[in-house]
Amino acid sequence: MMYPLVLDLAADKIPVAVTCRVLGFSAQAFYAWRKRPVCRRDYDDAHLINAALDIHHDDPGFGYRFIADELSGRGVRAGRNRVHRLCSQQRIWSVHARKRGLSRKPGPPVHDDLVTRVFTAPRPDQLWLTDITEHPTGEGSLYLCAIKDACSNRIVGYSMDARMTADLAVSALRNAVALRQPTATVVHSDRGSQFRSHAFVRALHEHGLHGSMGRVGACADNAAMESFFSLLQKNVLNRQHWTTRDELRLAIIVWIEKTYHRRRRQDRLGRLTPIEFETLLQTAHPA
């Protein structure tokens, strides 16, 4: 029931005819509805749908379960079954859902491709690359969003969570900004919903960063981060069966900070570690 929304928008000086046309029904139907009483349940459903649309708009990866959790966190009381019914009626589905007749193609880019498949940079914090990977544990999946500096290969920011949402990507970005204090850095990603979300785009703008997205099916885009994820797979994930997410989270942090950054020498860096390479650049820059 979307008619109560027309009333709310009319109070904000938006013409009824315009709202009805956008929402897909006639003004005559709206006025016919106004002549008969509306039950409180329908009115509450309309406002619940509006709140669900706002949540889904910020993060298209949210399905009805995550939307129900988010509504609860915002103080809106609604059972999961009710949220599922209303989301199904309004076709509010996660972009990851396998629904008959729905396309699973990546969504349109929200940024131009500022990199054009050149995944190197002469100085740190000019270009960051980011992606998300999934790792199994006995409790379920643990998702890692990592941000890599294209100059030194250092992981400048990362975040882990049990859910692959826009908050995961935003948290990794905020961690990178807090560590590096960048200026006008280009942040390149694929077209995943987390990186196209309004929350991630807002975070880029807040910190003066420039978003960049490659084209669909560009293997080089994935390869730019795949080398790091492949090393992580061999050196951490394949070593043992991980019982809990916390156990794996700690192992990933220790490997990144202790081994990858400070002990693993890389051919592209002249057989230096990422920390050594950045230290050498900082020393050479004043000279």
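The values are calculated or read from the model by the stated rules, or taken from the named source; none is laboratory data. The structure presented is a predicted model; accordingly, all values stated were derived computationally and were not measured. Note that we place each Cβ from the backbone using ideal geometry, even for glycine, and neighbour counts take in every protein chain shown.
Checked against (1) within 18 Å of D167 (Cβ to Cβ); (2) out of contact with any Ser or Thr (no Cβ under 7 Å at 6 or more places or on another chain); (3) of a type outside the set (F, W, Y); (4) surrounded by 17 or more Cβ atoms within 10 Å (Cβ to Cβ), D59 passes all but condition (2). Selection within segment 249-267: residues that are among the basic types (K, R) and outside any loop (DSSP other than H, G, I, E, B). The member of this set that is nearest to the chain's Cα centre (by Cα) is R249.
How about segment 171-193: which of its residues are small (G, A, S) and part of a helix (DSSP H, G or I)?
Of everything in segment 171-193, those that are small (G, A, S) and part of a helix (DSSP H, G or I) turn out to be S171, A172, A176, A178, S193.
Among the residues here, L168 does not qualify as under 25 Å from R117 (Cβ atoms), part of a helix (DSSP H, G or I), without any contact (Cβ under 8 Å) to a residue 60 or more places away in the chain and under 17 Å from the mean Cα position of the chain (by Cα).
In the condition set (1) in the same structural domain as L280 (by TED's automatic domain parsing); (2) part of a loop (DSSP other than H, G, I, E, B), T116 is compliant with all but (1).
Would you mind finding the one in G270, G211 that is surrounded by 15 or more Cβ atoms within 10 Å (Cβ to Cβ) and at pLDDT 90 or above? First the steps, then the outcome.
Values: G270 fails: surrounded by 15 or more Cβ atoms within 10 Å (Cβ to Cβ).
The conditions single out G211.
Comparison of A97, A29, A78, A51 shows that the only residue that is modelled with pLDDT of 80 or more, outside the structural domain of G214 (by TED's automatic domain parsing) and loosely packed, with under 13 Cβ neighbours inside 10 Å is A29. Only a single item in (1) surrounded by 12 or more Cβ atoms within 10 Å (Cβ to Cβ); (2) without any contact (Cβ under 8 Å) to a residue 12 or more places away in the chain; (3) closer than 25 Å to T137 by Cα is not met by W242, and it is number (2).
Annotation: V156 fulfils all but one of (1) assigned to a helix (DSSP H, G or I); (2) crowded, with 20+ Cβ neighbours inside 10 Å; the unmet one is (1). Annotation note: Cβ proximity below 9 Å between a residue of segment 270-281 that is touching a residue at least 24 places away in the same chain (Cβ under 8 Å) and a residue that is among the small types (G, A, S) (sequence gap 6+ or interchain) occurs for P274/S152; I275/S152; F277/S152; F277/G270; E278/S152; L281/S152.
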